[in-house]
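Coordinate-derived values only; no laboratory data. None of the values given here were measured: they were computed from a predicted structure. No Cβ is skipped: glycine too gets one built from the backbone with ideal geometry, and neighbour counts run over all protein chains shown.
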């Protein structure tokens with residue numbers, strides 16, 4: 001069986017703030033998440049075949065995550081269970097502007113226990129796009145598994161998609177993070193990068209300059225998409241720079257999963273149109289669709305179960321005209 005997109009990496013529980021109890025205690029909602037799995041959930045909404053490679057604990061949270069992926073239509077045959085290490089948890093603290101601060105229970109967490117010899121290499125060889133992020137590069141054995149997965153997918157001719165998804169608490173130092181995130185960028189055809197990650201890697205808030213620095217350092221990059229929060233997004237493709245404003249319809253609750261939704265919408269466009277000889281008009285269309293999809297997720301809590309239906313995205317695009 002072939003897949004449009006296979007993703008590898010973290011699958012975890014986002015414990016997201018959801019009100020205050022009668023006793024004045026913060027209440028948290030257990031939302032299934034993890035950036036690579038979020039991307040697949042949105043791609044499934046858009047009609048693509050998807051498979052996930054990763055590991056969760058043999059615990060109640062692992063049961064929830066496996067059930068959630070199956071309900072979302074993602075192939076879970078390569079979702080493994082670890083009987084010694086529990087499912088990773090992320091406590092998501094929502095800030096006043098809707099952005100987030102993260103605390104992780106992951107030293108270790110089950111997602112980093114995936115080993116290279118546990119990979120289903122046939123799954124990787126039969127995928128049009130392989131997507132991954134940097135969280136699987138923070139620790140062994142998942143780091144070696146990620147390196148092997150990239151090698152197998154590339155050798156089979158898959159496009160490589162990468163999202164740094166930089167989370168400072170998970171790295172031992174900024175220097176280590178820059179080195180390993182840079183390794184990921186050096187492997188990919190399609191890069192999705194957030195504004196704070198451009199600043200972290202390039203030392204500049206001039207995103208055009210940062211994109212130029214990345215493309216010069218990593219000539220393998222065929223498309224760079226920068227997400228700028230409420231300011232929208234930019235695409236750098238060949239010698240073309242395309243910008244689209246963010247959606248300003250209001251109702252933002254929190255931004256968990258927005259970047260992953262954007263990334264999935266871009267991969268949806270590439271699956272339908274390819275990555276060669278794209279026009280400026282097509283790139284504008286791609287960014288508008290991705291921005292609208294990402295906006296919808298910011299009006300809901302959580303990620304995997306909050307992904308919009310295609311008709312909802314079309315409705316937002318109509319309102320934005």
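Legend: P(r) of the stretch 87-235 from all alpha carbon pair distances, 10 Å bins from 0, whole percents, reading 11, 37, 36, 15, 1.
Based only on other Cβ atoms within 10 Å, what is the fewest-to-most ordering of 269, 28?
Details: 269 20, 28 17.
Least to most surrounded, the residues fall as 28, 269.
Label separation (residue 60 vs residue 305): 1.5 nm, computed from points 7 Å beyond Cα along the C-beta direction. For the stretch 230-317, rounded, prolate or oblate, judged on the Cα gyration tensor with a ≥ b ≥ c (square roots of eigenvalues), a/c < 1.5 rounded, else prolate if a/b > b/c? Cα axes put the stretch 230-317 in the prolate bin. Scaled against the 2.2 N^0.38 Å expected of a compact globular protein of N residues, the Cα radius of gyration of the stretch 1-155 reads 1.06.
Determine, for 91, 20, the number of other Cβ atoms within 10 Å of each Cβ, and report the residues in order from fewest to most.
Working: 91 17, 20 10.
Taking fewest neighbouring Cβ atoms as first place, the list is 20, 91.
Taken over the alpha carbons of the stretch 127-198 as equal point scatterers, the Debye sum produces base-10 log I(q)/I(0) values at 0.14 Å⁻¹ of -0.40.
Please give the length that would be gained between residue 144 and residue 209 if that part of the chain were fully extended, namely 0.36 nm times their separation in residues minus their C-alpha to C-alpha distance (nm, one decimal).
Working: separation 65, 0.36 × 65 = 23.40 nm, distance 3.23 nm.
Separation in residues times 0.36 nm, less the Cα-Cα distance, equals 20.2 nm.
Can you tell me what the convex hull of the Cα atoms of the chain projects to on average, as an area in nm²? Working shown, then result.
On the way: hull surface 63.6 nm².
Answer in nm², one decimal: 15.9.
Multiply the residue separation of residue 20 and residue 216 by 0.36 nm, subtract the distance between their alpha-carbon atoms, and state the gained length in nm to one decimal. Present the calculation step by step, with values, prior to reporting the outcome.
Working: separation 196, 0.36 × 196 = 70.56 nm, distance 4.90 nm.
Extending this stretch completely gives an extra 65.7 nm.
If the Kirkwood radius is taken over C-alpha pairs of the stretch 170-262, then at 37 °C and 0.692 mPa s the Stokes-Einstein diffusion coefficient equals 233 µm²/s.
Across the stretch 144-163, the residues whose backbone nitrogen lies under 17 Å from the label position 7 Å along the beta-carbon direction of residue 125 are 148-159. Per-residue extension of 0.36 nm, minus the Cα-Cα distance of residue 275 and residue 115, leaves a gain of 54.5 nm for this segment.
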